[in-house]
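Please read the structure below before turning to the comments.
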Amino acid sequence: MAAETAAGMDPATARNRARPGLATVRGLLLDLLATDDRAGVNAAMEEFLRLY
């Protein structure tokens, strides 16, 4: 979020854009804790980063 606001983005917009990424990472961490499927979680994160 800091990079976006430093580049001139409105802080509220930067927070709104950061929220889906944070939610995804938290969900994937919970998935990892519940399943211990590191390969699957890593693959999902790579796909998220590709789309994001």
Average accessible surface area per residue within the chain, 1.4 Å rolling probe, Å²
79
Normalized C-alpha radius of gyration of the chain, against 2.2 N^0.38 Å?
1.37
In the chain, carbon and sulfur make up what percent of the accessible area (probe 1.4 Å)?
59
For region 5-13, Karplus-derived ³J(HN,Hα) couplings (6.51, -1.76, 1.60; θ = phi - 60°; whole Hz; x for glycine and proline) come out as 5, 5, 7, x, 6, 4, x, 5, 5
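The values are calculated or read from the model by the stated rules, or taken from the named source; none is laboratory data. Since we're looking at a predicted model, the values are computed, not measured. For the accessible areas, the whole protein counts, side chains as well, though only heavy atoms, and no ligand, DNA or RNA atoms are used. Shrake-Rupley method; radii C 1.70, N 1.55, O 1.52, S 1.80 Å.
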